[in-house]
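Report on the structure given below.
The values are calculated or read from the model by the stated rules, or taken from the named source; none is laboratory data. Keep in mind it's a predicted model, so treat the numbers as computed, not measured. FYI the Cβ positions are ideal-geometry reconstructions off the backbone, even for glycines, and counts take in every protein chain you see. Calculation scope for accessible area: heavy atoms of the full protein, side chains included, ligands and nucleic acids excluded. Shrake-Rupley method; radii C 1.70, N 1.55, O 1.52, S 1.80 Å.
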Amino acid sequence: MTAHILLVEDEPSIAEIVEFALVSEGFQVTWCALVRDAEIDLSRNTPDLAILDIGLPDGSGLELLKRLRRDSDLPVLILSARNAELDRVLGLELGADDYVTKPFSPRELAARVKAILKRTVVRTVRDHAPLEASEVSASNESGFEVDEVRATIRFRGYSLMLTRYEYLILKTLLAQPERVFSRAQLMDQIWSDPTASFERSVDTHIKTLRAKLREIEPCFDPIRTHRGLGYSIQISDVG
Ligand code: CA
């Protein structure tokens, strides 16, 4: 099945390059130059992924992402003209799946899109398949079950709807309960290119992870913050 990509980019020359790279990889692309047009398209169609430029003539890609995230987990890749930490962090906080900073290699962009879609497929398959005991690679008295085959974690029987980074952070912490991981250690283990990310993004993912655990158990916060050091997970005194 052909994946459908919504491209929101106001610069025709960039849009053309991106569209060409994606179509060459077999994707179907809808191009919008305005936030307004993108919103109309999103109300009519269901793309598999959206690529959002930040600076658009009638608004910001980040604002569009924010509105999208109210009721959608559509995979989003942000195209940022500025290599600004603030944009990256804000994009992560708003739930972007990945970033590409201009100028970029169209081939790399297409590879990133493929990688996001691959993870999304794993997530979709996982959501429809019940866990089998043999596939649960880690389970403990705290109620966490890590299913590495489906890249998911269940807590007290509930599947946590985790982003890739939340999943990897929680999995890493659970592998060695009570060990304190510094942000840099977490990034080295988890990010494919730690130098392209910022330590504050670890904090952002920890924050959303905690919120998801609280949705299941309002008073439950097994993740400990060690000031100036990093994070650990405590599993012995919960249950
Ligand atoms: Ca722009």
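From the phi of every residue in the stretch 110-115, what ³J(HN,Hα) in whole Hz does the Karplus formula 6.51 cos²θ - 1.76 cosθ + 1.60 yield, where θ is phi - 60° and glycine or proline is x?
4, 5, 5, 4, 4, 5
Can you list the residues, at least 5 places off or on another chain, whose amide H is less than 5 Å from the amide H of residue 224, using H built in the peptide plane?
Correct list: 232, 233, 234.
What residues of the stretch 1-29 lie in the reach of a label at residue 102, counting those whose backbone N is under 18 Å from a point 7 Å from the Cα along Cα→Cβ?
6-22
Go through the stretch 153-164 residue by residue and turn each phi into a ³J(HN,Hα) via Karplus (6.51, -1.76, 1.60, θ = phi - 60°); whole Hz please, and just put x for glycine and proline.
10, 9, 10, 6, x, 9, 6, 7, 7, 9, 6, 4
Determine the gain in length on full extension of the stretch residue 118-residue 227; use 0.36 nm per residue of separation and subtract their C-alpha separation, reporting nm with one decimal.
Full extension from residue 118 to residue 227 adds 35.6 nm.
Counting only residues 5 or more places away or on other chains, whose amide H sits under 5 Å from the amide H of residue 80 once H atoms are built in the peptide plane?
The list, which skips near neighbours in sequence, is 100, 101, 102.
Taking only C-alpha pairs under 8 Å that are 6+ residues apart, what is the relative contact order of the stretch 4-122 in percent?
24 percent.
Obtain the nm distance between the two label points defined at residue 63 and residue 17 by a simple spin-label model: each point lies 7 Å from its Cα along the Cα-to-C-beta direction.
Going from the residue 63 label point to the residue 17 one covers 2.7 nm.
Roughly to the nearest percent, how much of the accessible area of the stretch 23-110 is carbon and sulfur, given a 1.4 Å probe?
49 percent
Report the extension gain between residue 180 and residue 72 in nm, rounded to one decimal, defined as 0.36 nm multiplied by the number of residues separating them, less their alpha carbon distance. Please list the in-between numbers first.
Working: separation 108, 0.36 × 108 = 38.88 nm, distance 3.39 nm.
Separation in residues times 0.36 nm, less the Cα-Cα distance, equals 35.5 nm.
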